[in-house]
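Where a number appears in this text, it was derived from the coordinates with a stated rule and is not lab data. These numbers come from a predicted model, not from an experiment. A quick note on method: Cβ atoms are made from the backbone with ideal geometry, for glycine too, and the neighbour counts reach across all protein chains shown.
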């Protein structure tokens, strides 16, 4: 029995590969799969998406914001509300009447920011609720876990907030797509600004969350800054969720370093930053220079938790609601009117991912997963808040403008935390897809 | 040399916090024989007393300014805090000192919460197996946590230390060693605060008649009861006291660790380890264990040590717990027969 | 010989249990839980709790580090998938061997102490395993992102029988697909659960089981009569570690990605809660407890306001909104609150867990004369 499946899959795979290789027009590919169905293809008059976000645990607020964005996206896709970024997206096949004539419905799940729970919840949405696409999440561990599950089940996964290089590097999957930027891009974006602001002769001290995301970020930032002439005094690993980081901060005081780089995210970032500032690091002078603290990735919702400590701190972000382009304005307006607060970058990336998937289905003319994947691969679009953007086919990573931001000195309100220092253009952030290795795997359709 | 001294200071500072959190837990163990998994939640509630107090102080009058709009098109709201408007300079002062001032508010609140929990729930569990106590207090902790999340969200809420104490002290200068050992003021104050609270609780149990009866009850509850003393009632007060200690420890800790609804769970395991290493039901043991673990953790985190033993800072606490428990059957200062069944 | 000390009632219980488990897809349909992934989790956590109960329910030793054995089992199974073959049988054996060895070491050390000191020792070992697995041992565990299959894995045995297909291979039982998320995975877990249940029942009814109960009620007296209790305790500890290892292997087989947080103290705490919730010391209780907690985690967390509006659509419009907004506190992101409330209610009113409740209900139905309240509260006797 398994042998039979294998040959059948092999055939489909061969079909898909030759389809790509011959650069066959869409209709050829579509016809080739005409009788085929993939997992959970909708049969009624609705199509179901699965929003898998952290609803409990430390990232619950971020998850809630993602969920708000998804619900807004569903509204806009179904033609309710003001349409948000559907109005600004170029090119777009979306008509605001659902997708391929079917209304969008959704189910939700709680990832708890644990990979087991996230996979359970994703399976529930696929097996029980018939979800055809899964999106959301706010950590790389969860993203990689759910992505590989989706690859196995033949469900497209549109990753939410995940910043590790691995998501579209070592662990990339044919069925997984990431709109958010990554640690490597943070390094490239941040380094020149650091050199401008702090000079080229600096001694950096890294405190790094001791798990894969922390390591990749440390490496990326270290490489980027060392190329500028900075030296690295020490890179110290800290346990995840340490709470009190003081025992790691005290050695910084006498280390001779004049920049502290905090490769922490979320709650760890809030705590280590708050405590580093309490230790007077930012009032110090070392080597005749003012001591500086850098947080390469801001989670802006969490940054509210650091209060005044975040003022003047440099970091990077995928997007910010204060950008001036039409798309951002439109999105911020409809989100703000709906919920009374501006969207976070997590909300933005989730909203965009939902729209991109819907658009790909429209363009492919089917919900058949391999065809949708092909429509997304290499898709180039504009008007989603990050300028001209490319979904690169080789690793399913989006290439677009990223931001270097700084904690604002005099915020107007609690949402006005960041000011944009520089918009780093896409060309600078583009890298060779092969540097992280990994293998996308096949795009054969699966039944479930 | 400086580095070593700094690490010792840091260890003391951590140890003070650990001891303070463990104190109430071991008190409840020792007197009531109850495994209280909701102790972390009490610590968190104390922290949220500080948050709430600060919130009340920052209540603002809202005036809508139709001439200005937000980015999403609704009119801008202009806010001015009531307290500053009414009380002037004293209001500003109070706002500045909201964290230490909140301790005064936290004491009656936490006492009331503690007594309510003991009377309403814990008293029915004295004779039940520890497993039942764990389940019910764990359930209680989740409920408390979720209620706080409902009102305050899941993100940490920053609390500022008073401006006068938010900077760094040069401990070396204070000790006449020149311009050395910079350490945050607020952490030094927390260390001092933990000494005062620990000393206060111990003095209360050691030198007052009330405390003497409680200690007698810890040893032999039945005999004390037979003497005609309402030991139940004293135990209620002890639980309230434990809640107060946990609560004010939490309130004062907020400038160091921005509180969120989950912080109680984060401290739960740690406080249990401290209590058990110290010996069940021993107050002195908990304090000694707190400082011991604090200092060892601080040293294990130094680069020099981590480079020889990678990951040692991740496990040092548990390693110490294993070594202590294997060499000393009842922890550092535990009494025979407590919680061994 | 093997079946000598099982009574007729025991056989009835075993058959009834098997029927209920195998008919899960039908029975769970009205509850909305009849999909393979959740039913697999019911069985796997059922096995985990069943094993935990052999230690805790019989001897009273409360281990707070059992998730470590589950984690070790999962990692071992995963390495078997990566190095040797995708067949689940070697993976399960591999996992059980490693979990057994690990339990032997930890048990040998931890059982030198009793009471809460034992609990903290097991907790300490488990937390050390978790912390190291998450960080320093990443080459072995792949840390945060979890250990996964890769097409580059050697899989020496599979390689001998042919070249791999285009995608990632799936765990299988001689050609039957286990990890694809279908019913075969569930039935594998269900059969494993029934076998485990049978062995647990054997242990409960055996002289060995009586010995363990003796240790629970009075260890000193056991010692005075000349028994060396330590070997019995260690055996119980290792057996429950084996159960955890098997559960871990099945988790890896049905869902081949192993994350370190499976070993965190919260995971250990979860199995404690499952066992107490269901009824410690009873045979069926821990499995029920596991089912209830997993059900809340997966189903209650997925309800949204819209689902509730659907439920209460029979109410008049004016009543519907307040009712829905009240209940929405307990579902969706409030499922933790429901869990907390359920813990408290059950332990306050039903000291023996769910099984106690069932027994009371049974007595109520079968009340003959005044024999209704004959079962003393808090008794931890096996249910039948």
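Between residue C:208 and residue B:56, with labels modelled 7 Å along Cα→Cβ, what's the label distance in nm to one decimal, could you check?
Spacing of the two 7 Å Cα→Cβ label points: 6.2 nm.
Which shape class, rounded, prolate or oblate, goes with region B:1-72 when its Cα gyration tensor gives a ≥ b ≥ c as root eigenvalues, a/c under 1.5 marks rounded, and past that a/b bigger than b/c marks prolate?
It comes out oblate by the Cα gyration axes.
Helix B:185-207 against the longest principal axis of chain B: what's the angle in degrees, Cα atoms only, rounded to the nearest 10?
40
Nearest 5 percent is fine: what portion of the DSSP beta bridges confined to the protein assembly as shown is antiparallel?
That works out to approximately 45 percent antiparallel.
Distance in nm between label sites at residue B:123 and residue B:151, each 7 Å beyond Cα in the beta-carbon direction?
2.5
Exposure proxy check: B:275, A:107 ranked by fewest other beta carbons within 10 Å?
Placing the least packed residue first, the sequence is A:107, B:275.
With the contact rule set at Cα under 8 Å and sequence spacing of 6 or more, what percent relative contact order holds for region C:10-264?
Relative contact order for region C:10-264 comes out at 41 percent.
Can you grab the distance from the C-alpha centre of region C:292-352 to the C-alpha centre of region C:209-226, Å, no decimals?
44
Which residue fluctuates most in the GNM of chain B (Cα springs below 10 Å): B:60, B:84, B:304?
Judging by the Gaussian network model, the answer is B:304.
Please tell me the relative contact order of region A:184-317 in percent, rounded to the nearest whole number, where contacts are Cα pairs under 8 Å and at least six residues apart.
RCO, region A:184-317: 25 percent.
Distance between Cα centroids, region A:384-448 to region C:154-176: provide it in whole Å.
Region A:384-448 and region C:154-176 have Cα centres separated by 37 Å.
What is the antiparallel percent of DSSP beta bridges lying wholly in region A:185-311, to the nearest 5?
On the way: 2 of 17 bridges.
In region A:185-311, approximately 10 percent of DSSP beta bridges are antiparallel ones.
Place a point 7 Å from Cα of residue B:3 in the direction of its Cβ. Which residues in region A:287-304 have their backbone N less than 15 Å from it?
None, by backbone N distance to the label point.
Going by alpha carbons, how many degrees (0 to 90, nearest 10) lie between the helix axis of B:263-278 and the longest principal axis of chain B?
Result, in degrees: 30.
Ignoring everything except DSSP H segments at least 4 long, calculate the 222 nm mean residue ellipticity for the protein assembly as shown; use -39,500 (n - 2.57) per segment, divide by total residues, nearest 500.
Values: 46 runs with 661 residues, N = 1173.
One gets -18500 deg cm²/dmol as the mean residue ellipticity at 222 nm.
Over chain C, with a Gaussian network built from C-alpha contacts below 10 Å, which listed residue (C:281, C:241, C:165) shows the highest mean-square fluctuation?
C:165
Taking the number of other C-beta atoms within 10 Å as the exposure measure, put C:203, A:99, B:109, C:276 in order starting with the fewest. Mind dumping the intermediate values first?
On the way: C:203 17, A:99 24, B:109 20, C:276 32.
The most exposed by this proxy come first: C:203, B:109, A:99, C:276.
Specify the residue with the greatest mean-square fluctuation among A:391, A:248, A:106, computed from a Gaussian network of chain A linking alpha-carbon atoms under 10 Å apart.
Largest GNM mean-square fluctuation: A:248.
I need to check one value: relative contact order of chain A, counting alpha carbon pairs closer than 8 Å and at least 6 residues apart, in percent.
Relative contact order here is 20 percent.
I'd like the distance separating the alpha-carbon centroids of region B:5-56 and region A:208-264, in whole Å.
One Cα centre to the other: 29 Å.
Which angle between 0 and 90 degrees, to the nearest 10, do you get for helix B:231-253 versus the longest principal axis of chain B when only C-alpha atoms count?
Between helix and principal axis, roughly 40 degrees.
Tell me, A:339, A:265 in order of fewest to most beta-carbon neighbours within 10 Å? Before the final figure, lay out the partial values.
Working: A:339 17, A:265 26.
Exposure proxy ranking, most exposed first: A:339, A:265.
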